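The values are calculated or read from the model by the stated rules, or taken from the named source; none is laboratory data. Predicted model only: the values in this text are computed from it and were never measured. All Cβ positions, glycine included, derive from the backbone under ideal geometry; neighbour counts span all protein chains shown. Note: accessible area is taken over every heavy atom of the protein model, side chains too, but ligands, DNA and RNA are not part of it. Shrake-Rupley method; radii C 1.70, N 1.55, O 1.52, S 1.80 Å.
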Amino acid sequence: MIRSITQQKPEEEVDRLLDGLGRVFIIGCGTCVTLTHTGGETEVKAMKESLTEKGKLVTGDMVLPVACDNLTKEALNEYGEQIDQSDVLLIMTCAFGVQTIASQLKKMVVPALDTLFIGKETAFGEFNEICTQCGTCILGETGGICPVTTCHKGLVNGPCGGTNNGKCEIDDEKDCAWTLIYNRLKELGRLDAMKKFQKPRNHQGEPSPGKWKSVSLRSSDGQKV
Amino acid sequence: MVSAFKKALESGKFVVTSEVAPPKGTNLEKMGQHIELLKDKVDAMNVTDHQSSVMRFPSLGGALMVKEMGGEPILQMTCRDRNRLALEADLLFASSRGINNVLCLTGDSVIFGDHKEAKGVFDLDSSQLLGTIRKLEKGKDLGGNDLDGNVSFCAGAIVTPEANPLEPQLIKFEKKIEAGAEFIQTQAVYDLDNFKEFMDYAKQFPVKILVGIILLTSAPMARFMNKNVAGVNVPLELIDEMDTAPKGRKLDKGIEIAGRMIRRVREERMCDGVHIMAIGKEEVVPDIMDAAGLVG
Ligand code: SF4
Ligand code: SF4
């Protein structure tokens, strides 16, 4: 399962973003942010209390089942009046949810969370960033561990000089990608893959922003439409 | 054109390199003094590139100054701050000004430095930068386009002989040589028996190796490195030696230790030379060389 991993913005930042906006409608999400306890039912309630204490008028609150889903529009309609009465929507979902909601309603949105990464659950209660969808996948040469993402510097030819006891130079809680890759390839008897020189990466496999269309929607002459 | 440093490497003599660090700002006086002091004593001077991710006067500017003052610069280039276009362009400029020695580094993470929110680039890595240099020498840029005018470099890289784990580091070391490294300056070494073991392995490769020696200035400094610098292990005996040196004589003791180590490396012909890193105390490099019995 992959999840959008978030953390709450510092209180001062949210206060600053809401400065001068007295009436707030709060939106949470029942999926990823509920799991990470950053924007579920409980956090929305706590935010409501905190804002009320600070003298804001909370015109209403809701927790969408899946904020990034296209059905979000219908769910939001149910709260039309309370949303209309607000000056701003304070959104406690990941940035995918924030953008989905912003595109449905003519209202300024303020994200209450920072979206950190798309994480894979690697152990119970633990999420790690293991792919950043780079567009030119090299997992076939690294034993299935991604250095583009898992190495802090995205190095593809082996470790930098900062590896410390198998941990990354930036954080001894994070494994050095290249220690992991080395161990995996050794176990598989394929260290030759690591010895192969990797030429400079193609950073434009899919020039940002990524876009994809179903074949049936592409024009018949094969051009992207 | 073959650089003076490359000639020194090929001459079979015990080669000595040291460092100069560009200033934080435009006051070049101290760097100028260090260059003046060292230019005729060492075979070449590395000019550091935003060392520890701290923004400074550029290494290219420092290398140009070494050149203008009649010294032999080794331009340090990290991949942290420039993408491939900028790195290639700087190499072209260096070449045009007679700066023909380059040390290729990946570079520390920006989070260690004084611009902690900056983007770390790492478009290339150190081995790819070496490969880039070899490609430019063939008259092509990384895009495969022809270059007008020639370049020629003596290119090198680093290795951490006491990295943990060591094997992945050695694979990278071999890739750097394959990509075109002609010389290697090592991370600081303090245990020469360990270093000898590393050299037993490294000798098989067609590359010149300069052992890295960092001047110890105090026992706390040694302990700090042990704790914070990956792959640097100052043995307890050396820390004790620094500890028991009388107050006010710690630096002398550090010079003595560095001199003693270099002398042994040279006498036992362990490797091709030494890279002396005096980190902020460049003015004592001649004293270290004296203590090592090296004539500058
Ligand atoms: S190389 Fe890494 S980031 Fe790129 S697609 Fe493969 S797993 Fe994802
Ligand atoms: S320590 Fe390992 S994971 Fe961290 S930047 Fe260096 S090679 Fe990458």
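Brief remarks on what is shown
- Look at the dipole of chain B built from charges on Cβ: of B:Phe153, B:Ala219, B:Ile184, the Cα furthest out on the positive end belongs to B:Phe153.
- Across the range A:48-65, coupling constants 3J(HN,Hα) worked out from phi with the 6.51/-1.76/1.60 Karplus curve, θ = phi - 60°, read 4, 4, 4, 5, 4, 4, 7, x, 7, 9, 8, 6, x, 8, 7, 10, 5, x Hz, and Gly and Pro carry x.
- B:Tyr201 sits with roughly 50 Å² accessible to a 1.4 Å probe, with DNA, RNA and ligands left out of the calculation.
- Interface residues in the range A:133-164 - accessible area drops by 20 Å² or more relative to the isolated chain, probe 1.4 Å: A:His152, A:Lys153, A:Leu155, A:Asn157, A:Pro159, A:Cys160, A:Gly161, A:Thr163, A:Asn164
- 5 angstrom amide H check on A:Lys174, placed H, neighbours 5+ away: A:Cys168
- Altogether, the Stokes-Einstein calculation at 10 °C and 1.306 mPa s, with the Kirkwood radius of the range B:216-296 over Cα pairs as Rh, returns a diffusion coefficient of 120 µm²/s.
- Whole-percent carbon and sulfur share, accessible surface of the range A:1-109, 1.4 Å: 52
- Full extension of the chain segment joining B:Lys140 with B:Glu178 gains 11.8 nm, where the gain is 0.36 nm per residue of separation less the Cα-Cα distance.
- 3J(HN,Hα) from dihedral phi, the range B:90-104, Karplus parametrisation 6.51/-1.76/1.60, rounded to Hz, x for glycine, proline: 5, 5, 4, 4, 3, 4, 5, 9, x, 8, 10, 10, 9, 9, 8
- Close amide-amide hydrogen proximity is noted between A:Phe127 and A:Thr122, each under 5 Å apart and 5 or more residues distant or on a separate chain (H modeled in the peptide plane; Pro and chain starts excluded).
- Over the protein assembly as shown, dividing the summed -39,500 (n - 2.57) contributions of all DSSP H runs of at least 4 residues by the number of residues returns a 222 nm mean residue ellipticity of -10500 deg cm²/dmol.
- Cα centroid separation, the range B:211-244 to the range A:95-144 (Å): 43
- Apportionment of accessible area to carbon and sulfur, the range A:130-195, percent (1.4 Å): 49
- Accessible-area ranking of B:Arg134, B:Arg223, largest first, probe 1.4 Å: B:Arg223, B:Arg134
- When the Cα positions of B:Ser3, B:Val110, B:Pro73 are compared along the charge dipole of the range B:1-156, B:Ser3 comes out farthest toward the positive end, with charges on each C-beta of Lys, Arg, Asp and Glu.
- Residues A:Glu187 and A:Asp84, FRET efficiency given R0 of 51 Å [Cβ-Cβ distance, rounded to 0.05]: 0.25
- Taking 0.36 nm per residue of sequence separation and removing the Cα-Cα distance, the A:Met62/A:Asp171 pair yields an extension gain of 35.5 nm.
- Lys, Arg +1 and Asp, Glu -1 on Cβ, resulting dipole of the range A:2-116 about Cα centre, debye, nearest 20: 180
- Computed over all pairs of different Cα atoms, the Kirkwood value for the hydrodynamic radius of the range B:1-159 is 16.0 Å.
- Potential extension, B:Leu28-B:Lys196 segment - 0.36 nm per residue separation minus Cα distance: 56.6 nm
- Paramagnetic reach from B:Arg249 in the range B:274-288 [backbone N under 18 Å; point 7 Å along Cα→Cβ]: B:288
- With N as its number of residues, the protein assembly as shown has a Cα radius of gyration that, divided by 2.2 N^0.38 Å, comes to 1.18.
- Modelled spin labels at B:Glu117 and B:Arg269, positioned 7 Å past Cα toward Cβ, are 5.8 nm from each other.
- Amide H contacts for B:Asn46 (H built 1.01 Å from N in the peptide plane; partners 5 or more residues away or on another chain; cut-off under 5 Å): B:Ser18, B:Glu19, B:Val20, B:Ile74.
- Gap separating the Cα centres of the range A:1-28 and the range B:125-139, nearest whole Å: 47
- For the protein assembly as shown, accessible area per residue (1.4 Å probe, heavy atoms of protein chains only), Å²: 49
- The accessible-area loss of the range B:146-161 on complex formation, taken against its chain alone with a 1.4 Å probe, reaches 10 Å² or more at B:Thr160.
- Buried between B and A is an accessible area of approximately 2300 Å², summed over both sides with a 1.4 Å probe.
- For the range A:2-116: rounded, prolate or oblate by the Cα gyration tensor [a/c cutoff 1.5]: oblate
- Virtual paramagnetic centre 7 Å along Cα→Cβ of B:Met69, amide N under 20 Å, in the range B:247-279: B:275-279
- Phi to ³J(HN,Hα) by Karplus 6.51 cos²θ - 1.76 cosθ + 1.60 over the range B:29-34, Hz, x for Gly, Pro: 4, 5, 4, x, 4, 5
- Percent carbon-and-sulfur accessible area, chain B, ignoring ligands, DNA and RNA, probe 1.4 Å: 51
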